[in-house]
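Contents: one structure, followed by commentary.
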Amino acid sequence: MSTEQGSQPDAEPVAPPQRRVVLLACVAVVALAIDIVSKIVVVSTLEDHAPVRILGGIVYLQLIRNPGAAFSMATGLTWVFALVAIAVAGAVIWFAGRLRSAGWAVGLGLVLAGAVGNLIDRIFRAPGPLQGHVVDFISVFGPNAEYFPVFNIADSCITIGGVLIVLLSLLGIDYDGTRRGRK
């Protein structure tokens, strides 16, 4: 193929990342909205109530205010988790412009929503800024975290997004949409 004067030799066109940024933003906004609304509903309906058994006891809904991380570990380090969430959100936003993979955009959008959802709790909920307790409300296989930690939609988003990113990596799909070995 010929090249015009002043242009580069023909190369494989690279899709602009704007669509992937929009996809990431849409996933993040929808997932964050679901997280926020679910926490508002849970706090307004389950405060001072016994766990609600649903799906034949596979899932229990109960309000737990978690000052730490998963399994309520590191309860005195709530401010550290807030700073980590800020760093994760910043990293995802900084990285978004390089995305050309729809799968990576969805995965990072979910991680962003989860980080921001729990960050909102840590900033705006009692006992105070950067010390707020995260609202958790989903307990599986039994109430009171008998078999698995109580979690929320934001935690689910982080987990699903992380698993998707790891799966894409294992399949050799890079964030730029290329497959390793096929650049």
Next item on the list: Go through the range 112-158 and give me each residue that's among the aromatic types (Phe, Trp, Tyr) and either open to solvent by less than 10 Å² (accessible area, probe 1.4 Å) or under 19 Å from VAL43 (Cβ atoms) (or both).
Entry: PHE124, PHE137, PHE151
Note to self: With the structure loaded, tell me whether ILE165 is under 21 Å from PRO17 (Cα atoms) and either outside any helix (DSSP H, G or I) or open to solvent by less than 50 Å² (accessible area, probe 1.4 Å) (or both) or whether it fails that test.
What the structure shows: yes
Next item on the list: Evaluate the range 169-183: report whether one residue or more is exposed (fewer than 15 other Cβ atoms within 10 Å of the Cβ) and polar (S, T, N, Q).
Entry: yes
Notebook entry, point to check: Exactly one of (1) crowded, with 22+ Cβ neighbours inside 10 Å; (2) over 19 Å from ILE36 (Cβ atoms) is unmet by GLY109. Its number?
Noted result: (2)
Margin query: Please determine whether any residue of the range 95-103 is modelled with pLDDT under 95, surrounded by 15 or more Cβ atoms within 10 Å (Cβ to Cβ) and among the charged types (D, E, K, R).
Written below: yes
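The values are calculated or read from the model by the stated rules, or taken from the named source; none is laboratory data. Note that the structure is a prediction, hence the values are computed from the model and not measured. Cβ atoms come from the backbone with ideal geometry, glycine included; neighbour counts cover every protein chain shown. When the accessible area is computed, the model is the full protein with side chains, heavy atoms only, and any ligands, DNA or RNA have been set aside. Shrake-Rupley method; radii C 1.70, N 1.55, O 1.52, S 1.80 Å.
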